[in-house]
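These notes concern the structure reproduced below.
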Amino acid sequence: MRELRYREALREAMLEEMERDERVFLMGEEVGHYQGAYKVSEGLLERFGERRVVDTPIAEAGFAGVGIGAAMAGLRPIIEFMTWNFSFVAFDQIISNAAKVHQMSAGAIKVPIVFRGPNGAAKQVAAQHSHSCAPFYTNIPGLYVIQPSTPRDAKGLLKSAIRSNNPVIFLEGETLYGVKGEVPDEGVEELIPIGESRLVRPGADCTIVTWGRPYYTVLAAAEKLSGEGIDCEVVDPRTLRPLDTRLMVESVKKTNRCVVVHEHWPYGGPGAEIVDRLQREAFDYLDAPLERVTGLDVPMPYALNLEDKVLPTEERVIDAVKRVAYAS
Amino acid sequence: MQNKDDLLRQYRMMMVMRRFEEEAARNYAKGKIGGFLHLYIGQEAIAVAVTEVLEERDYIFQTYRDHGIALARGMSAKAGMAELFGKDTGCSRGFGGSMHFFDVDRGFLGGWAIVGGHLALAAGTAFKSKYAGEDSVTVCFFGDGSINIGGFHEAMSLAGLWKLPVVFVCENNQYAMGTPLERTSPLKDLSIKAKGYGMVGDRFDGHDVEVVQARINEAVDRARTGGGPTFIEVLTYRFRGHSMSDPAKYRTTTELEQRKQQDPITVVREKLMGLGVDESALDDIDLEVDEEIDEAVRFADESPPAREDLMMSTVMAPEGES
Ligand SMILES: Cc1ncc(C[n+]2csc(CCOP(=O)(O)OP(=O)(O)O)c2C)c(N)n1
Ligand SMILES: [Mg+2]
């Protein structure tokens, strides 16, 4: 194993898959000459040239659609949204076309495409630039939705996404790009299957399900809680659609308590879906109502003092765990 | 040729804009300002010229590069700076930040951060003017990078079809983030697009405030008197990077230095001296502006933070009387 940053892990995944398969190409705003708005694609233009690393004008609906069309004809595009906030102008392409054509054509047409880019709040980029997009896309049959928390998951899942024969929504995080973590050594290929959750931290007293940016908030909170004698088990779904509840259910059967922590808004989405599944699949094992710690139900304000209130904090996680553990 | 007093006023305003943003950049480096900060430095003549031409009842829309136009329209430097500092005294009470200045009382309907998203809104306020039989006009600014997105096409289509009283001002500063225009558009002259939407097109340099004012005036007049929309391409240049995080490595220093020869502020300054204004009188204005901006920074610093209670209570508008 070696240490890589999340952004480097993503870059390696693209690089390896582009070397492996000529049909794979990267397209988006500033991905080439500028080396990526967040430098994820740094060096790829030099390596693969303008044919396969394609800079576009600001025309998300256009290049998302071009990608879908190219995929229908046999290519395997990676479409980068500079941020997922800009995917909304391409929403129709993703929902009405990419997610639908396989079934509409009775399986005759495949759309092997990956849409990727940073998702969620960054820092003080305000209401139009801080959307946590999982709920919008997990609602759509016909799509896979992946939101990796660590460099290793980012690499292994992006490689699987690129090899998938279906449209994949791949949600990264601007605040995660600099995070370091262990990734298998060069030459050791790891494909992490889409739709498999991961046990992050074993524990006996309370299950916490989390992914994305709050993953790190939760790990810090779990550390503090263990100092207070509450031992948390942490599960990361990694893929949000399809959702793998196996580990969560097993965990809840053991701990009898669960808190779900996510950045997206509380109304619906994968957070609410997980709660729904757990109350059905582990009903007899629950000793307390499930709790959620979520992004607050407001558009993201610019001011830092308010943004800090909106995003899940260690404090809120600790409080929720204590509530379900009746330890407060 | 305008009279000296007009030019002096315009010079002062451009200095306010310039100093405001230089100070904003400094405070960004100090961590007092966060998020994205896009500076208008180099483009000031355009915003000043537009506000000179408009009436109080008119509407203005801008992108995230919005400090200049807000100040030109009469927003105080204090309200602007406090917004950047995320304070309750800011023009958007700390909720908008740099990209989302608002000054509704002055018809400034926002800085908008999704490329192409606000063009149809501008057609919408123009629609209201027509609907209500008012002679107000809407001016909508956007960048050269915004002409390829669907929002541009649809807004232009509707405005052209319905002959709405709106002036679309494309501030062509040659770059969309790191991408020069020749890599985003097969056209050199963007104004020819106007024809396809059944509206008048115009194209001119943006560094001479007098030229901009005269040409904008024609378009605004046309809109006000029922002649329909205009699409204007103003050729300009931003002296700073796209935002604070952009070191602008994609252009040469020679190019930048050449462009700075046409700094709109230097252009007015020289004009004024040509009209017999003493250099010392201009320096006095500069000093006065420095003080105004220092005062704005102090005000922003000392203002109370954005209010948490407003965060919940402003999500929805109150119901009741409609
Ligand atoms: C739909 C959408 N896509 C991408 C972005 C990211 N982005 C913000 S500004 C910008 C460049 C815009 O350039 P231009 O229109 O020329 O305006 P300028 O910044 O030069 O004033 C880009 C790509 C965005 N805000 N919205
Ligand atoms: Mg531009």
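Counting only protein heavy atoms and a 1.4 Å probe, tell me what percentage of the protein assembly as shown's accessible area is made up of carbon and sulfur. The C+S portion of the solvent-accessible surface of the protein assembly as shown is 51 percent. Burial of accessible area (probe 1.4 Å, heavy atoms of protein chains only) in the range B:176-222, relative to its chain alone, reaches at least 50 Å² for B:Met177, B:Arg183.
Residue by residue, the range A:120-137 carries 3J(HN,Hα) couplings of x, 5, 9, 9, 6, 9, 6, 4, 7, 10, 10, 6, 9, 8, 3, x, 5, 8 Hz when phi is fed to the Karplus relation 6.51 cos²θ - 1.76 cosθ + 1.60 (θ = phi - 60°); x denotes Gly or Pro. Between amide H atoms placed 1.01 Å from N, distances below 5 Å from A:Val200 occur with A:Val234, A:Val235, A:Asp236, all of them 5 or more places distant or on a separate chain.
In the context of the full set of protein chains, chain B has a per residue accessible area of 42 Å² (1.4 Å probe). The simple spin-label model puts a point 7 Å past each Cα toward its Cβ; for A:Glu196 and B:Arg57 those points are separated by 6.9 nm. With Cα atoms as the point set, the radius of gyration and Dmax of the range B:260-322 evaluate to 21.9, 60 Å. Qualifying GluC sites (Glu not before Pro) in the range A:161-254, where qualification requires a DSSP coil assignment and no more than 12 other C-beta atoms within 10 Å, comprise A:Glu186, A:Glu189, A:Glu228. For the protein assembly as shown, the square roots a ≥ b ≥ c of the C-alpha gyration tensor eigenvalues yield an a/c of 1.5 or more together with a/b exceeding b/c, which makes the shape prolate. With the charge dipole of the protein assembly as shown set up from +1 on Lys and Arg Cβ and -1 on Asp and Glu Cβ about the Cα centre, the Cα lying farthest toward the positive end among the listed residues B:Gly124, B:Gly274, A:Tyr6 is that of A:Tyr6. With a 10 Å cut-off around each Cβ of B:111-123, the average count of Cβ atoms from other chains is 3.
What whole-number value in cubic angstrom gives the convex hull volume per residue for the C-alpha atoms of the range B:180-322? With only Cα atoms used, the range B:180-322 gives 275 Å³ per residue.
Interface burial in the range A:285-322, defined as at least 10 Å² less accessible area with all protein chains than with the chain alone at a 1.4 Å probe, covers A:Leu296, A:Asp297, A:Val298, A:Pro299, A:Pro301, A:Tyr302, A:Ala303, A:Asn305, A:Leu306, A:Lys309. Derived scalar couplings between HN and Hα for the range A:3-11 equal 8, 9, 7, 3, 5, 5, 5, 5, 4 Hz in order, rounded to whole Hz, by the Karplus curve 6.51 cos²θ - 1.76 cosθ + 1.60 (θ = phi - 60°), x for Gly and Pro.
Please report the buried accessible area for the interface of B with A, total over both chains, probe 1.4 Å, in Å² to the nearest 100. The buried area between B and A, both sides summed, comes to about 2600 Å².
State the antiparallel share, in %, of DSSP beta bridges confined to chain B, rounding to the nearest 5. Here the antiparallel bridges make up roughly 15 percent for chain B. Annotation: amide H-H contacts under 5 Å for A:Val260 (H modelled 1.01 Å from N, sequence separation of 5 or more, or interchain): A:Val209, A:Glu291, A:Arg292, A:Val293. Per residue, the convex hull spanned by the alpha carbons of chain A comes to 129 Å³. Can you give the percent of C-alpha pairs in chain B whose distance is more than 24 Å? So the portion of pairs separated by more than 24 Å is 54 percent.
Residue by residue, the range A:84-99 carries 3J(HN,Hα) couplings of 5, 4, 7, 6, 5, 6, 10, 3, 4, 4, 6, 7, 7, 10, 4, 7 Hz when phi is fed to the Karplus relation 6.51 cos²θ - 1.76 cosθ + 1.60 (θ = phi - 60°); x denotes Gly or Pro. Taking the Cβ-Cβ separation of A:Arg323 and B:Glu319 as r and a Förster radius of 30 Å, what is the calculated FRET efficiency to the nearest 0.05? The formula returns an efficiency of 0.35 here. Per residue of peptide B:96-106, the mean number of Cβ atoms on other chains within 10 Å of the residue Cβ is 3. Label positions at B:Thr253 and A:Ser105, each projected 7 Å from the Cα along the C-beta direction, are separated by 5.4 nm.
Here the convex hull built on the C-alpha positions of the range A:242-328 has a volume of 98 cubic angstrom per residue.
Too long at a 22 Å Cα-Cα cut-off: which of A:Lys155/A:Lys253; B:Lys128/B:Lys195; A:Lys39/A:Lys123? Those over the limit are A:Lys155/A:Lys253; B:Lys128/B:Lys195.
The values are calculated or read from the model by the stated rules, or taken from the named source; none is laboratory data. Note that the structure is a prediction, hence the values are computed from the model and not measured. All Cβ positions, even for glycine, are placed from backbone atoms using ideal geometry, and neighbour counts span all protein chains on display. Ligands, DNA and RNA are excluded from the accessible area calculation, which covers all protein heavy atoms including side chains. Shrake-Rupley method; radii C 1.70, N 1.55, O 1.52, S 1.80 Å.
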